[in-house]
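Notes for the one structure printed next.
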Amino acid sequence: MVRIRVLVVDDHRIFAESLAAALAAEPDVDVSAAGSGPAALRCLDRAVAEGRRFDVLLIDADLGAASLQGMRAPTAVPDSAAQDGLVDGISLVAGVRSAQPAVRTVVLAERDDPRRAALALQAGASGWVAKDCSLSRLLTVIRGVLREETHLPPALLTGVLRELTAARKHRTESERLVESLTPREREVLRCMVAGLGRKAVAERLFLSPHTVRTHMQNVLGKLGVHSTLAAVALARRAGVGPVDLEAAS
């Protein structure tokens, strides 16, 4: 019998232990529990070191922000989530996706929320399930995501599709604006994404501060924004990464 290794990640101890006990009663399920993001990542690392791995993580959507302090791979957190202060289970989904792409993640939620469900899918989750769903439903989702299926409550589908469509439209517009920049302006924008100031950009690109100032003004104008912060946010939506600072050192 092929056994499914499940890790429950929830800082509500009673819920986590109850769910783990219910799943452990299934003949083909091995289950463990972790009460925080760092604990979950340690479990994943330990499993790999021992020559085994988890198949599915069940992650509380409202995992406490304090539990995620010190979590590795913070750059994997979606920009939209970071901008909105959603440092929670969705961030852990992104971290797991970055660290161990083969592991499937399912978010357990107290309430339906199309926007956060869409963020979870963008972060790499394979499902969004109500915490009060039946055990049989949860097992169906667990087995389904291992077959590369994506599971959402039917009531959320329309809202999630609307959110994903809006996000894609926003990204497409951002990409169009970035494409309007000249190659030199894109270099300057990547420096801005890396957090470099005007003087640092001038030194890196061998330009005068005055020339850099002109390029930065042109970038803001073409992107239709009024601040460096807004330009960086738009650049990230368009998939523009920071310039490689190590390459210049």
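None of the figures in this text is laboratory data; all of them are computed from the coordinates on show. It should be emphasised that the depicted structure is a prediction, and the values quoted were computed from it without experimental measurement. Every residue, glycine among them, receives a Cβ derived from its backbone with ideal geometry; neighbour counts consider all protein chains shown.
Given an 8 Å cut-off on Cα distances and at least 6 residues of separation, report the relative contact order of the chain as a percent. Mind showing how you got there, number by number?
On the way: 353 pairs, mean separation 32.8, N = 249.
Value for the chain: 13 percent.
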Rounded, prolate or oblate: which fits segment 112-196 when a ≥ b ≥ c are the square roots of the eigenvalues of the alpha-carbon gyration tensor, with rounded for a/c under 1.5 and prolate only if a/b beats b/c?
-> prolate
What residues qualify as long-range amide H neighbours of H151, i.e. H under 5 Å apart, gap of 5 or more or another chain, H built at 1.01 Å from N?
-> G127, W128
Two pseudo-spin positions, 7 Å from Cα along C-beta at T158 and at R176, lie apart in nanometres by 2.8
Tell me which residues come under 5 Å, amide H to amide H, from A33 once H is placed; ignore anything under 5 positions away on its chain.
-> V8
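Take the alpha carbon gyration tensor of segment 8-65, find the square roots of its eigenvalues, order them as a ≥ b ≥ c, and report rounded if a/c is under 1.5; if not, report prolate when a/b exceeds b/c, else oblate.
On the way: a/c = 2.36, a/b = 1.08, b/c = 2.18.
Verdict is oblate for segment 8-65.
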In nm, to one decimal, how far is the modelled label at R42 from the one at R168, with both set 7 Å along Cα→Cβ?
-> 4.1
Tilt of helix 37-49 relative to the longest C-alpha principal axis of the chain, in degrees (0 to 90, nearest 10)?
-> 70
Out of these labelled values of percent of Cα pairs over 28 Å apart, (i) 30; (ii) 60; (iii) 43, which was calculated from the coordinates shown here?
-> (iii)
For E50 and R3 in the same chain, what is the full-extension length gain: residue separation times 0.36 nm, less their Cα-Cα distance, in nm?
-> 15.3 nm
A chain fully extended from D112 to R13 at 0.36 nm per residue, minus the present Cα-Cα distance, gains in nm 33.4 nm
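Give, as a single signed number, the net charge of other residues whose beta carbon lies under 13 Å from the beta carbon of A16, with Lys and Arg counted +1 and Asp and Glu -1.
Numbers: positive: R13, K131; negative: D10, D11, E17, D60, D62.
Net charge in that neighbourhood comes out at -3.
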Express in whole angstrom the spacing between the alpha-carbon centres of segment 95-168 and segment 1-33.
-> 18
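So what is the relative contact order of segment 124-171, in percent, for Cα pairs below 8 Å that sit 6 or more residues apart?
On the way: 21 pairs, mean separation 18.9, N = 48.
Across segment 124-171, relative contact order equals 39 percent.
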Taking H placed 1.01 Å from N in the peptide plane, check which residues at least 5 places from T105 or on another chain put their amide H under 5 Å from its amide H.
-> L57, S126
For K199, counting only lysines whose alpha-carbon sits under 28 Å away and dropping same-chain residues fewer than eight positions off, the answer is K222
